[in-house]
Structures are given as structure tokens and as C-alpha cells.
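Submitted below is the structure of interest, expressed as C-alpha cells.
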Amino acid sequence: MPELSVILAGFADVFTLTNLMYIVLGVAVGQLAGAIPGLSILMALAIAIPLTFTLDTLTAVAFLISVNKGGTVGGAIPAILLNTPGTPESAATALDGHPMARKGYGGKAMKYSLYYSVFGDISSDIVLITVSAPLALVALKMGPIEVTFLMMLAFTVIVGLVGESMIKGLISVALGFLLASVGIDPAMGSARFTFGSVEMLDGLPLTALTIGMLAVSEIFIRLSERGAQSGQDVVGAALTFRDKGSQRLTLRELLANRYVAFRAFLIGTVIGAIPGLGSTTAGFLSYSITKQSAKDPEKLGTGDPRGIAASEAANSSVVGANMIPLLTLGIPGNIAAALLVSAFIIHGVQPGPLLFQQQGQLIYGLFGAMLIANFCNLAVGQFGMRLWARVVSAPASVVYPGALLMCATGMYFATGGTLGIVIMIVASVFGYAMRVFGYSIIAFIVAFVLTPMLERSINQTILLTNGEWSELLNHPIALALFALSIVSILYLGPRRRAKGDRRDPPDRGAAPARDEA
């Protein structure tokens, strides 16, 4: 555990004019990106990461986390007004938010979403601050052997939970392993898969890969979807509101759903702490549980505030909770957390249990920034709600080319040349193909991020055991993690097959499940 002076110094570092300005800017950018259908939190993060290269580490990461938090709030606006979620996280919010807006209470619905989202976010941040340091202390007790089997467990859980099938998840992980092998072999010091290119000795740049596979491929997906539709240039058009008095939200109305919001926070925190699930899963699971436990379930889906509370409190709770495995174990909880890994690495910081020991002041400065970002989220959302409601009608002919230009510009400055842009373009085509054929992008990126740590741990394990696998019997924690990996494969594999068997046949119009980005 860091000393009290380190903790206080970390929190004090946040209160500079520069940091506060970037936190407010990040929240505003995130809400704007979330409010425009066609953009997304991941796209905003991927574009913003190269632009933080010259910033201080705390300022850069605080800005990116603020973008993530703001995007969760902003995504609910088009979900409520247009029945078109700005981000996948807000898909469940549309089930009750849009019917409420159609009745003329769009302003009240957006206030519900804002307040419950901020509640979930603050609550999960408090859990993060409370449990992360003790968990990191436990993680420090684990040696290379335990870390190796922990990585194995993380991969089996991710492969079993995301994507359309376990086989496709395994293929995605294998591709992540393969591309992460480009560069210098850490054991032998020889070049691998560089094809004589000196620039490839450092490996494929994570930033170029993630921007291409997430941001640019998402633009391609959106353009293909729009091409199959009416071809209208505008992304959407907001509904009209009733009189101003009908949009007021009283404290009594807000507290009427406190138990639903608290349960949603618990669900979102647990889901966020498990690598590979994410905000969309939390939102729909919380909504489903709320509907099943309601005395009048038929009201949910007709404009019931309980549906908004269940979805928004849950998906926002994931934002803080997915930092728990990232900061304590170095394992990103979802793709947003994986993108933050690239930001840490750009600034020379390696996430993991040693982070609290070596960079304790930075971590608690980050915690302080997260708490401040929540209140900024509330303030910016309160004053900017009407503005974001108008932004949803932005022309697609402006949104998508502008996003592509920012991706290319950011990549050029981040890599110092055109190689990053080339890799980004190749990765975008690769990512588009993975999305179309149902392969898990999150499994690929998590594998790409964790492979260097796994490879290093395997090499250290071989040295420590001298190649004698019987030595593993002296490490009960490693054996327990290995047993959990086997159990997860035996449980999640049949469960995924059963889920596939229950799907409606194609002639009934069932759409294939898309991987959550």
C-alpha cells in the first residue's frame, strides 16, 4: 500500500489548471462523440491517443478517461431521441428512453440517463479506489509461474465469453499472438517476422493497430450500413419537446428508482471487473433482471424510468470497474481499457501490480482525475444536453471524412512517418473482415496486448523450473488457476454451443450477434 503522503500528493497533482481543462475538454469531446450516431467512444479514444503524445502522463490519461466517461453519457442522447444508440453501451437505454421521448418527455429522459449514469460512474470509481491497491498487493505475491497461468485463465474466459463461437475466439487470440510476435525475440534477441525492415524491430505499433481495427473499420461498417439504407446524408433528426415545465425532474422522481440504480451499479461493477464482457452486457443484463423482478414488467419498454436507471447505472459502472484488472494485473477489462494500455505505454508506464509500487503518485492522481471527471460529466451534461440534442443531426458527409482525416493525422504524428498510416489502413481492412465474419476483435486486441507479458512469464517459468514440469506441484496458486482455466473451457464451451443451437434459423430473420467493441 502506498504511503499516505504519496496518496495525498497524487490527488493534489490533479488540481492544476492544465489538468482540469483537459478533464473538462475530454468530457465534452466524449459526450459529443457519443451523441453523434456513427461515432463511438472507441473511435474517439483511438483518435485522441496519438494527440496526447506531447502531454504529461497524468494529463494525457486523465483526458482519455474523461473521453471514455463522457462518451457513456453522450451515447444515451440519440438512443433516447432517435432510437439509435450513439454507442453500443446505450442500446438498452433506448428500450424505455425512446418511448418516453415520443410522449414528449425527451428532456426528462435525458436527465434520468445523465443522473443515473453519473451515480453508477462515481460508485464504481469508489470501488476501484478501495480495492485496487489491496489486489495489487496480492498480485505482487505472485511470481512468473502464477502470472503465466493467470494469463491462461484470462484468455480462456475472454475466448469463452465474447464473439460468436469459441472456435472463432481461439482463432482471434491466435492471430493476436502471431502479430504480437513481430519484432525482437525477448529470449534469443533475434528478429522475428520483420522481413528485413528496421522499423519493424520494435514490433507493430499498438496505436496504429487499434485505430485501424476499431476506428477506421467502424467507419467502413457504418458506411456500408448507410449504403444499404435510404442514403440520407444526415445521421438523424431530434424529436420535439413538450413545454419546459414537463421536462423538470424532481428529487423524489429520481430517488423513486434508487434500489434499481443500486442493483444496476452492483451488476455493472461485477461485469466490468471480469475481462472481456463490457458495458453492453452490463446494460442488457441489468435491464433484464429489472424487468424480471418488477411487479409490473409489462410497463418496462413503454417509457418507464426504471429501464433507464437499470441500463445507465450499469453501463457507466463498467467504466471504473474495468480499470481494476488493468491496474492490478495488467489485464485490460475491455477494448477501452486496452486502448488506455497503449496510452500508458506511449508515456513509458507499464500497467500491472508494480504500478502502485513504482508510480503510486501517478495512480492516485489518476483516481482523483476520475472523480473530478464525474462531476464535470454532470455539469457539462446538464448545460450541454440541448446542444447535443441538436448535434445528432450532423451530416454523415462531414462526420466520417473528418474522422478519417483525424485518424490519419494522429497516426502520422504518433509514429513519425507514413508507416503508421500504412499499418492503420491494413489493420482497418483486417478489422472490417473480422467484424463481417464474426471474429472477436476484443479477443484479438487483448491477446496482442498481453502476449509480451505472457511470453516473458513463460520464459521465466522455464528458467525457474529448469524445464521440469513437476516443479509446478510446489505452486498451488498456479495449479488452482490452471484448474479454473479447464473449468471455464468445459463450462463456457458447451454453453456457447447451446446458445448457438437456440438461435432462430436465418429464414426467421434472426440477425447474427456482433462482437462488442
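The numbers here are math on the coordinates, done by the rules we state, and not lab data. Being a predicted model, the structure only gives us computed values, none of them experimental. With ideal geometry, Cβ positions are generated from the backbone for all residues, glycine too; neighbour counts draw on all protein chains shown.
Take each of the peptides 469-477, 456-464, average the number of other beta-carbon atoms within 10 Å over its residues, and list them starting from the highest.
Packing proxy ranking, top to bottom: 456-464, 469-477.
Could you compute the net charge surrounding residue 36? Neighbours are other residues with a C-beta less than 12 Å from the C-beta of residue 36; K and R count +1, D and E count -1. Provide the component values of the computation, followed by the final result.
On the way: positive: 222, 390; negative: none.
Around residue 36, the surrounding residues sum to +2.
Under a crude label model (7 Å from the Cα following the beta-carbon direction), how far is residue 472 from residue 418 in nanometres?
Taking the two extended label points, one gets 4.9 nm.
Could you calculate the contour length gain from residue 192 to residue 178, that is, 0.36 nm times the residue separation minus the distance between their Cα atoms, to one decimal place in nm?
Gain in length upon complete extension: 4.0 nm.
Quick check on packing: order 65-77, 261-273, 6-18 by the mean number of other C-beta atoms within 10 Å, highest mean leading. Display every interim value, and only then the final one.
Working: 65-77: 31.2, 261-273: 24.3, 6-18: 15.7.
My ranking of the peptides, most packed first, is 65-77, 261-273, 6-18.
Kindly provide the trypsin sites (Lys or Arg not before Pro) of region 271-380 that DSSP labels as loop, not H, G, I, E or B, and whose Cβ sees at most 11 other Cβ atoms within 10 Å.
Working: sites: 291, 295, 299, 306; in loops: 295.
Sites meeting the loop and neighbour criteria: 295.
Continuing with this model, one more query. So for the pair residue 459, residue 103, with labels modelled 7 Å out along Cα→Cβ, what separation do we get in nm?
6.2 nm
Tell me the net charge near residue 251. Cut-off is 13 Å between Cβ atoms, residue 251 excluded, with +1 for each Lys or Arg and -1 for each Asp or Glu.
Its environment carries a net charge of +3.
What does the charge count around residue 424 come to, taking other residues whose C-beta lies under 15 Å from its C-beta (Lys +1, Arg +1, Asp -1, Glu -1)?
-2
Restricting to DSSP loop positions (anything but H, G, I, E, B) with no more than 14 other Cβ atoms inside 10 Å of their own Cβ, which chymotrypsin sites (Phe, Trp or Tyr not before Pro) remain in region 166-206?
Sparse-neighbourhood loop chymotrypsin sites (Phe, Trp or Tyr not before Pro): 193, 195.
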